[in-house]
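Peer 1: Handing you this structure, nothing more for now.
The values are calculated or read from the model by the stated rules, or taken from the named source; none is laboratory data. What you see is a predicted model; the values in this text were computed from it and never measured. Don't worry about glycine lacking a Cβ; one is built from the backbone with ideal geometry, like all the others, and counts go over all protein chains shown.
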Amino acid sequence: MEKMVDNNLIQNVVIVGGGTAGWITAALMAKVLNKTINITLIESDEIASVGVGEASIPPIMHLNNALGIDESAFLKATKGTFKLGIEFENWQYQGSKYMHAFGGMGKDFPFCDFYNFWLKSKQLGIHSEFGDYSLNYQCAKKHKFSKLKNIQGTNLKGIEYAYHFDAVLYANFLREFSVKHGVKRIEGIVKKVNLNPNNGFISSVHMESGETISADLFIDCSGQRALLIEDALHTGFDDWSHWLRCDSAIAVASEAMKSIPPYTRSIAHQAGWQWRIPLQHRMGNGIVYSNHYMSDEHAEDALLSSLDSKIISEPKKIQFRAGRRRKQWNKNVVAIGLSSGFFEPLESTNIHLIQTAAIRLLKLFPHLGITKHNIDEFNRQALIESEHIRDFIILHYKQNQRDESDFWRDCSLMDIPDSLTRKVELFENSGQVFREQDELFTEVAWQQVMIGQGLMPKDYHPLVNQIDAKQLTDLMQSLSTLIQRTAGKMSTHNDYLSLL
């Protein structure tokens, strides 16, 4: 058996930083290990959270379910709404539009995904969009929402959803939950980090108040400051800004829409994109851009001039660098949230990465002491996960046909990771795409973005030729009619929210 890195029993865990990352981590640890370990969270009301209004993806329901959180209570507390997908406007070219919708697409076939039938139907002259066969997309366009496991009378998948919510309110909600489950909260600012001279581990943090707090395991949720993982341990950072060139964002809130759309909007502009996140009480708006291609003043003007409703907050500037910490777990520090790295919020992955990191830590929790095995496995899984997400986001930028600005031209010409090249070339030449291991994004997600960005396969699966042209035409028509009829019968999103 390999010697332990540290042979002390893990009894005391300190989380440095609150916000979404800190309180998700605290809530999960308290729910699972509150009888085994002591959990303390340090945060300061003087340090503002980056959270400006969040869009999530469906796995967040697993998090809330694991915590035993009632959905209605969660949505009321966070002013949340439902989310059926993300609509991408102007990403392929000015005026283009498609949706990465959650859930299924058309009808599942053994050995052959539905989009192969759609590709063949286009060759036969059937004029339809890929999204015509997504119930989520059709409901989103009509501002409809209802819970539906399967389309009535069929085994076709129903609605799959996530949420939009106020990130600050969500953190407050989880803080209350965590404290009730035994987490000790300390208000204050960490002034100094103390290292053990024998092994380089963090032994304690010294507070501005004069108090010193010791722990066996520290979790760094201090945001981009990375107070423990970087400032103290100098872990290093893998910069991915040569692929993901945006480095700035400006966020602002505006009045809520009368009809609340159940989807996120991502609208490409000259040097990046803008988001629209609809909440019950307001609209979250933001512009993501590269300072190399656009000034802060230009970005703010572009954002404010494009709002759909009256501004109700001051614009908030956020700077970031795309990439990841070289080790998410180093010595006795685990970085979770922005301290571990950052992906721009294009596919709403940042809260998911907090969730998976906290769960990964629980699964690999070092009961009898921190071992190299635990650290290496944690970091191996974190790297694979982040590279899969990185490639999916890069795809949106690389596969564009916009030539009106240097930003988009440079993105289309940039070299991309070999892992993404392989995926794109396989799809383009054979029409195949595969989900790798525990990759977050499904085959249907990749298909929607690739097709939406204009990447059309040269071939389709030969199984499609097992049915003749009339059978294929009837299949496509019946599926489209069924989906439209089902969407038409659903409640409006506003009406559904009013019943919470």
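Peer 1: Go through segment 255-271 and report how many residues are over 19 Å from residue 99 (Cα atoms), of a type in the set (D, E, K, R) and touching a Lys or Arg at 6+ places or on another chain (Cβ under 8 Å).
Peer 2: Qualifying residue count, segment 255-271: 1.
Peer 1: Would you point out the residue of segment 134-182, among those that are part of a loop (DSSP other than H, G, I, E, B) and small (Gly, Ala, Ser), that is farthest from residue 63 (Cα to Cα)?
Peer 2: The extreme case among them is 153.
Peer 1: Looking only at segment 206-258, count how many residues are over 22 Å from the mean Cα position of the chain (by Cα) and either among the basic types (Lys, Arg) or more than 17 Å from residue 194 (Cβ to Cβ) (or both).
Peer 2: The total comes to 7.
Peer 1: Restricted to segment 491-500, and to residues that are over 10 Å from residue 262 (Cβ atoms) and modelled with pLDDT of 95 or more, which residue is surrounded by the most Cβ atoms within 10 Å (Cβ to Cβ)?
Peer 2: Among them, the one singled out is 491.
Peer 1: Answer yes or no as to whether residue 410 is within 20 Å of residue 220 (Cα to Cα), more than 23 Å from the chain's Cα centre (by Cα) and assigned to a helix (DSSP H, G or I).
Peer 2: The answer is no for residue 410.
Peer 1: Filter segment 322-359 for residues that are surrounded by fewer than 24 Cβ atoms within 10 Å (Cβ to Cβ), modelled with pLDDT of 95 or more and assigned to a loop (DSSP other than H, G, I, E, B) and give the result.
Peer 2: Correct list: 322, 326, 327, 331.
Peer 1: Report yes if some residue within segment 473-482 is at pLDDT 95 or above, crowded, with 20+ Cβ neighbours inside 10 Å, part of a helix (DSSP H, G or I) and outside the structural domain of residue 263 (by TED's automatic domain parsing); otherwise report no.
Peer 2: yes
Peer 1: Now for a different question. Look at residue 362 and say whether it is more than 23 Å from the chain's Cα centre (by Cα), among the aliphatic types (A, V, I, L, M), part of a helix (DSSP H, G or I) and over 23 Å from residue 322 (Cα atoms).
Peer 2: no
Peer 1: Which pairs have Cβ atoms under 7 Å, sit 6 or more apart or on different chains, and link a residue in segment 480-500 that is under 12 Å from residue 81 (Cα atoms) to one that is assigned to a helix (DSSP H, G or I)?
Peer 2: The qualifying pairs are 500/72; 500/75; 500/76.
Peer 1: Picking from 298, 292, 281, 269, which residue would you name as being under 19 Å from residue 20 (Cβ atoms), surrounded by fewer than 24 Cβ atoms within 10 Å (Cβ to Cβ) and not charged (D, E, K, R)?
Peer 2: Matching residue, one of 298, 292, 281, 269: 281.
Peer 1: Let me ask another. Looking at (1) over 23 Å from residue 103 (Cβ atoms); (2) at pLDDT below 95; (3) of a type in the set (A, V, I, L, M, F, W, C), find the lone condition where residue 179 falls short.
Peer 2: (2)
Peer 1: Against the condition in a helix (DSSP H, G or I) and basic (Lys, Arg), how does residue 107 come out, does it pass?
Peer 2: So residue 107 does not fit the description; no.
Peer 1: From 89, 46, which residue is acidic (Asp, Glu) and modelled with pLDDT of 95 or more?
Peer 2: The unique qualifying residue is 89.
Peer 1: Here's a follow-up. Scan segment 207-224 and report the pairs whose first residue is among the hydroxyl-bearing types (Ser, Thr, Tyr) and whose second residue is buried (at least 24 other Cβ atoms within 10 Å of the Cβ) and at pLDDT 95 or above, with Cβ atoms within less than 6 Å and a gap of 6+ or a chain change.
Peer 2: Listed by first residue and then by second, the contacts come to 222/16; 222/17; 222/339.
Peer 1: Using the structure shown, decide if residue 98 is touching a strand residue (DSSP E or B) at 6+ places or on another chain (Cβ under 7 Å), among the hydroxyl-bearing types (Ser, Thr, Tyr) and part of a helix (DSSP H, G or I).
Peer 2: Here the answer is no, as residue 98 does not meet what is asked.
Peer 1: Can you tell me how many residues within segment 434-465 are surrounded by fewer than 20 Cβ atoms within 10 Å (Cβ to Cβ), under 16 Å from residue 98 (Cβ atoms) and either of a type in the set (D, E, K, R) or touching a Phe, Trp or Tyr at 6+ places or on another chain (Cβ under 7 Å) (or both)?
Peer 2: 1
Peer 1: Also, quick follow-up: Scan segment 419-464 residue by residue and report those that are closer than 17 Å to residue 390 by Cα and among the acidic types (Asp, Glu).
Peer 2: Answer for segment 419-464, where residues must be closer than 17 Å to residue 390 by Cα and among the acidic types (Asp, Glu): 436, 438, 439, 443.
Peer 1: Here's another thing I want to ask about it. Which one of these does residue 485 not meet: (1) of a type outside the set (Gly, Ala, Ser); (2) farther than 20 Å from residue 133 by Cα; (3) at pLDDT 95 or above?
Peer 2: Tallying (1) of a type outside the set (Gly, Ala, Ser); (2) farther than 20 Å from residue 133 by Cα; (3) at pLDDT 95 or above, residue 485 fails exactly one: (2).
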